[in-house]
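Accompanying notes for the structure given below.
The values are calculated or read from the model by the stated rules, or taken from the named source; none is laboratory data. Note that the coordinates shown come from a computational prediction; the quantities given were computed from them, not determined experimentally. Please note: Cβ atoms are built from the backbone with ideal geometry, for glycine as well, and neighbour counts cover all protein chains shown.
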Amino acid sequence: PFECPDCGKHFSQKSSLMYHQRSHTGEKPFECLDCGKKFSLNSTLMKHQKTHTGEKPFECAICGKCFSLYSNLVKHQRLPPIHKRHERRKERKRSRQKPHQ
């Protein structure tokens, strides 16, 4: 029932329309206190702030690389050539460590 006057897109909630309208106005009311970068959504600012803390709670189970955002871990895991190289290296190390008979 809520229509954007700029592009005609419809939203079920008024708040969603208001967030969307920022894409037309360029309004970014949420500012990072560490670097001054501005964001249109508070949730985006919160994700960004992890880049300053160094917090990387999301670890790849295959290679051990850590990420500050879950979405970056998911992107990383979609890169099978990287993981295949890691697996080949691990296998070569294992084969060198086995005693020869």
>> For the list (1) closer than 30 Å to Pro1 by Cα; (2) touching a residue at least 12 places away in the same chain (Cβ under 8 Å); (3) over 20 Å from the mean Cα position of the chain (by Cα), I need the number of the one condition that Thr44 fails.
In response: (3)
>> Considering only the range 32-40, I want to know if a residue exists there that is among the basic types (Lys, Arg), outside any loop (DSSP other than H, G, I, E, B) and loosely packed, with under 11 Cβ neighbours inside 10 Å.
In response: no
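Specify which of the listed residues (Arg22, Arg85, Arg94) is part of a helix (DSSP H, G or I) and exposed (fewer than 11 other Cβ atoms within 10 Å of the Cβ). First the steps, then the outcome.
Details: Arg22 fails: exposed (fewer than 11 other Cβ atoms within 10 Å of the Cβ); Arg85 fails: exposed (fewer than 11 other Cβ atoms within 10 Å of the Cβ).
Only one candidate qualifies: Arg94.
From the list Asn42, Asn72, which one is modelled with pLDDT of 85 or more, under 30 Å from Leu17 (Cα atoms) and in contact with a strand residue (DSSP E or B) (Cβ under 6 Å, 6 or more places away or on another chain)?
On the way: Asn72 fails: in contact with a strand residue (DSSP E or B) (Cβ under 6 Å, 6 or more places away or on another chain).
On inspection, the qualifying residue turns out to be Asn42.
How about the range 12-37: which of its residues are closer than 21 Å to Pro1 by Cβ and polar (S, T, N, Q)?
First pass over the range 12-37, keeping only residues closer than 21 Å to Pro1 by Cβ: 12-24.
Result: Ser12, Gln13, Ser15, Ser16, Gln21, Ser23.
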> Going through the range 1-19 one residue at a time, which ones are in a loop (DSSP other than H, G, I, E, B) and among the charged types (D, E, K, R)?
Replying inline: Asp6, Lys9
